[in-house]
Structure formats: C-alpha cells, structure tokens
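A short worksheet on the structure shown next.
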Amino acid sequence: MTELRNLLPRSENGESEIRSGGPKILFEADWCADGYPSITRVDRSGLVETSTRGIGEIPKFMTIYSLYRSRAERMADRPLYTYRSKDNPNKWLTKTAAETLEDIRKLCKGFIGMGLKHGEGVALMCSTRYEWNIVDAGVMSIGGVLSTIYDTDSPKQMKAIIENSGAKMLIVETKEMKAKAELAEIGKTCQVFCMEDEALDRIRAYGQSVSDEDLNRRIDAVQKTDLCSIVYTSGSTSAPKGVEITHENFCAAASNLAAYLPSIMADPKGSALLFLPMAHVFARTINYMCVFSRVRAYISSNFKNLVSDLQYSKPTAMIGVPRVYEKLYNAVSQNAGMGWKGRVFAMSVKTARAYMQEINKRGKPRIYTSFLRTAFDTSIYSRLRDLLGGRTKWLVCGGAPLDPNLLAFYRGAGIPVYEGYGLTETTAPCAFSPQGLPYRHGSVGIAFPGATLRCSEEGEIEVKGDSVFSRYHNNEEATREAFDKDGWCLTGDLGYIDDQGFLYVTGRKKNLIITAGGKNVAPEAMEKEIERCPLVSQVVVLGDRRPFVSALLTLDEPALRLWLKSQKLDEQMSMEEACKNPAVKMEIQKYIDEANKEESQAESVRKFIIIPEDFTQENGLLTPSMKIIRKKVMDRYSDLLNKEMYTPKKVNQ
C-alpha cells in the first residue's frame, strides 16, 4: 500500500460517523497499485458505496479475438497453454500463442464456411480442455454467440438452453454427451457435432475455401458492444437464466485485473492452473485474463489429477471454489490422523488462525503466536505450500462463501488464499482481494477495478460497472427485476460495507428464513459453523414458516471412518447405521451447541437429522458450480421433514 488517507471524521470514542449530512468521502486508499484508488463515500441517498478506479473505457474494437492476437504479437513463440494429451494422459503438450491463434483462425474459417452469421448462436458442451478455448474463441471472433452447457447437465437442461438461446449448432465433447442430445431430440432444431467423431476436423474442412481476407473482414466487423456469449446461471435459487455478456464485459474484467496486479499478471515466468468448468463465467474470465497477461495457463481436465497437476504446473495463481480448499484441508487433516500427529496438526491450525485473528484485531500478532507459527512453518505449513506447487502468490476462492476460519488458517500458514465475490451477471468478480490487501476476517475484499458497490437499506448488495450485464436472454420480466430505477444491478445477496470499503457477504436474500414466530434468520453463517465438524460434509439449515430452526446434514465418509476407529467403534458400519449412531450424533451436537452460543434461542438449531447420501449433481441437489439447491433438498426430503423433523401436534378431539 503506497498511500492511505482516512478522511472519515471520528466521534469522541473513536468510532466512525456515517451520516447523510456529513462529508461525502469516508476513506480513500491506493491499496495495491498506484493510480487505482479505492474510494468509500456516502451517496446522496445516505447509503455507503465503494468503488475502485479501473483503466477506463476500453477501445471500440477490443474483443476476445484481439486478446489472443495481442498475445501472439507480444509472445508469439512463448507457451500459452499446456495440457495433458488425450491419447497419453502422462504426456503434456504445449501450444504457443502463435499456434493457438492459428488454431482459432482455422475454426473461424470453418464456421464461416458452414454459414454461421454474425449474431447467430453455437452451444458448447465440453469439459475444461484446450479445445474448449479454441471453439469458444473461434465462435466469438467472427461475431457468433457462444452458449455454455455444463458437461454434467441433463438432456432436459441441454434442451432448455438450446431452446432459449436459439443456437444453430451444438458441439459436444463425448459420445455420451451426444447420446444426451439425441435423447433430448436436439437434432431436430440444430446440427449436433461430437469431438470424439472428429467434429473439429470436419468443421475446419468447411473453411478451406475461406480466404484470410474474408476472415479478417468478419473479425474486423465485431465491436466491443456486440453480444458474444449467453452464460446460464447455476439455478440454485431459481430457474437458470441466460445472462447476455458482451466482448466489453469480458475484456474489461481481463484488462482491469492485469493493470491492478502487474507483479502477478505481467510475470513471464508466472503460471495459472485452470481446472474449474469453463462453462462457469468465473473460470472463463480468468482464462481471458491469462491470455491478456503474460502468464502461462496449465489446463487440468480431470479433478482426480489436481494434486499431481499442481506439482507439475507449480502455479503462481489459481482459482477455486470453497469445496476445493475444504477438500485440500480435509485431506491433510485426515492424513495427520487422530494420534499425536493429529494433535500437532490441530495445534498448527489453531496457531495459524490465531496469528491472523490477532493481525485483524491488533494490527500485528503477539510475539508468542509468531514464535509458534515459525515453529510450525518448517514441519507443517511448508509441506502444504509444496503440495500446491511451492510458487503460489495468489489463490482465489469464489463461487460461494469460504469459511472465514478456514481462510484464516491458510493465510496464517503462509498460503495466499484470497476471497472474491461476483455473479454471472457481473462477469464474475465485482469484489476481490488483491495480493497485499490487509486481512479483514470474513471480508470478500474491496470493489473490483471499474466496479461500484453499495448496500441498500434492506442490506442487499448492488453493483454498477463495465462488467455488469444489461439483460437476460429472452426474459424481459427477469431483466426488469434485476435492476432498480437508477440502474443498479440487484445481486440478491445480503451484506454490508465497512468504512474502509471492505465488503462482507452475510447471506442470500432468497435463502432468508422467516420462522413461524416471525424471526428472520440467514442460514449461511450457521451452516459454516456446523461444517467445521470434521464428520460433517454438507449442511442445509431450514425453518422457513416452521416453529423452529433445524438442519439436514450429510457425513464426510473418510473422516467418519477415521473417527470411528479412534473411538474404538465399528469403522465398517454402513452410512445408514452411522446416521443413527448415538456417538456420531453426540459429536456433531457439540459443534451445533458451539454454533448456537452465538445465536438467540429463536435463531439456534434445535434439531438435526443426518442423511446417508451427499447432495450431488447426480441426484440433482447440487449445481455444477457446487451450490446446494435448497428447494430441491426440501422437496426431496419433504416426508422426512414433515414426519420426523417437525412432528405434527396431536389435536384433541
């Protein structure tokens, strides 16, 4: 941080004075980059808003194609993408920036030869791999509109996206996906191509008669304001909606991050590991950021290979969702076991958290805490850093809230995990935590460059900025509901902004529980507290229009087996037996009791039921972006809730 100017007046007790009649600017800071200050102010309506200056308006003809062309001009023979061979997974292949651009141009010609016109759509269903990126760029470079389908989507979901987007063509990766398309009868409305049937070669063949001059004319006709993609929301709280995203939305996000984090994005020796589904706007935006920058992108196509891919790529930057960081922590914890190694690991976790909490409260850690942290660094923390490749500078967590205590552990252990916040509608990040930003427990960071944030009187987070969408595809009603009369995008998330511009997300507006007694309860914080129990995998806190708050839980089977063994219980018992086991219930109850201490009686979890299966994409209870679909959980377990959780009162005759 190069400069810090706190212009907020203080009361006699030192607390901030925020009042509509007071000064406009509360706080201003150049947190990490000269010339890109973050400013927190009180707006005309008396609401606190915060913004970070961006690079300004991007050029008229800056498009996705221009990102790849610029990279090829700057670093033609330097690696851009490195990925495992499809034929030999043990072999890694590399494409330079020039080779990648040539692959994109060949597909562009193919699409032109097939008759794809400016503004027409192509749908893509594919896992994270090199071919995803070149098809994506090939469609959009000539003015086409790419609609994304998760590789785990059902035939019904595929058909809904094809119908809403109006795509003329569907490209799928595998024959299994092709079978899904046939089941949904998608071939009746658009052409279906399968990569396993050499589809990309067939598409390229159509372009043999298309000249470079014809291709360049199509590319030059595309402008930043053109629609380039329709990305569908996860559907965790409502039916998926098609978010219209322009070249400008994506390019603004990519160029702003590169300008704000030059030490990471401008490092030619830097690397990023891409493994999240590219159908997710977060992963896709990071891909464009890599292309616009100087870093090399490694592609991990199989989550099972993530640890070995980390070892090979040694990333300086990486994005992930909470489930990734939770699984990494759980794996290390389980490896430590329940004996003396487990106790030492638990002490190291407590020390790392204390170190960051003391920084948060006092500005610096206590001497004794620093001593303990140093002692644990060589034996435990350094091994964790090596597991991540040993070069990490910026690990970003987004998509859903990360447990603040887990984040504190990583940061205290010298592992640079930073949280961010965004939506499909904001082209991923609208708040982020850049490298070097002061630690604030529970915060998702400051406004992303080019974005302005505020919270309404009801606490809803609202956004404006260059990367904010303008409408949902073929859904005018949803578009009207997404903005207020002044053009603020209504996120549906609840939170607050402190007087230094740090954003805190407290829950989801649609998830808000209103008990039968009229008490409003945000379930997310309680869920995170309960999930700290090593035996617990997932939690859904319930209670809307019910007499009390309750919870449905699932078990983490590997952790459960270790715990059962440590307690000299039958470690081979079935999951159904474990759900009803009194000792298991008592262990979980300890964590629920601890969580309840922070809540009023009306907000506390009074009853819980353990179910034997996880919430997954396969059973329809989890979105591809790893969010639990609460309504479907409640529908699936409605009998359990009505007959066991909330037992009807007997009525005297």
Have a look at 359, 286, 380 and point out the one that is touching a residue at least 40 places away in the same chain (Cβ under 8 Å) and in contact with a Phe, Trp or Tyr (Cβ under 9 Å, 6 or more places away or on another chain). 359
Flagged pairs (Cβ under 7 angstrom, 6 or more apart or on separate chains; first in the range 21-38, under 17 Å from residue 264 (Cβ atoms) and open to solvent by 10 Å² or more (accessible area, probe 1.4 Å); second at pLDDT 85 or above and of a type in the set (Lys, Arg)) are 36/53
Within the range 429-461, can you find the residues that are open to solvent by less than 30 Å² (accessible area, probe 1.4 Å) and polar (S, T, N, Q)? 433, 443, 456
Only one of these is closer than 20 Å to residue 47 by Cβ, part of a loop (DSSP other than H, G, I, E, B) and either open to solvent by less than 40 Å² (accessible area, probe 1.4 Å) or in contact with a strand residue (DSSP E or B) (Cβ under 8 Å, 6 or more places away or on another chain) (or both): 487, 492, 507. Name it. 487
Residue 116 vs. criteria surrounded by 21 or more Cβ atoms within 10 Å (Cβ to Cβ), within 30 Å of the chain's Cα centre (by Cα) and either at pLDDT 95 or above or among the basic types (Lys, Arg) (or both): no
Among (1) surrounded by 14 or more Cβ atoms within 10 Å (Cβ to Cβ); (2) under 24 Å from residue 343 (Cβ atoms), which single condition is residue 590 missing? (1)
So if I check each of 434, 429, 438, 449, which one is within 20 Å of the chain's Cα centre (by Cα) and closer than 30 Å to residue 365 by Cα? 434
Could you identify the single residue in 336, 354, 297, 317 that is free of Cβ contacts under 8 Å to residues at least 12 places away in the same chain, touching a helix residue (DSSP H, G or I) at 6+ places or on another chain (Cβ under 9 Å), crowded, with 18+ Cβ neighbours inside 10 Å and on the phi < 0 side of the Ramachandran plot? 336
Elements of type strands (runs of 3 or more DSSP E) in the range 364-483, at least 1 residues being within 21 Å of residue 331 (Cβ to Cβ): 394-397, 417-419
Candidates 574, 550, filtered to the one that is open to solvent by less than 10 Å² (accessible area, probe 1.4 Å) and either polar (S, T, N, Q) or under 21 Å from residue 643 (Cβ atoms) (or both): 550
Output the number of residues of the range 593-615 satisfying the condition of being modelled with pLDDT of 90 or more and either open to solvent by 70 Å² or more (accessible area, probe 1.4 Å) or not hydrophobic (A, V, I, L, M, F, W, C) (or both). 6
How many of the residues making up the range 165-187 are open to solvent by 20 Å² or more (accessible area, probe 1.4 Å), in a loop (DSSP other than H, G, I, E, B) and without any contact (Cβ under 8 Å) to a residue 40 or more places away in the chain? 2
If we only count helices (runs of 4 or more DSSP H) wholly inside the range 244-363, which ones have 2 or more residues that are of a type in the set (S, T, N, Q)? 247-260, 281-292, 306-313, 322-336, 340-362
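The values are calculated or read from the model by the stated rules, or taken from the named source; none is laboratory data. The structure displayed is predicted, hence computed values, not measured ones. Neighbour counts run over all protein chains shown; Cβ positions are idealised from the backbone, glycine included. Protein only, heavy atoms only, side chains kept; ligands, DNA and RNA dropped before computing areas. Shrake-Rupley method; radii C 1.70, N 1.55, O 1.52, S 1.80 Å.
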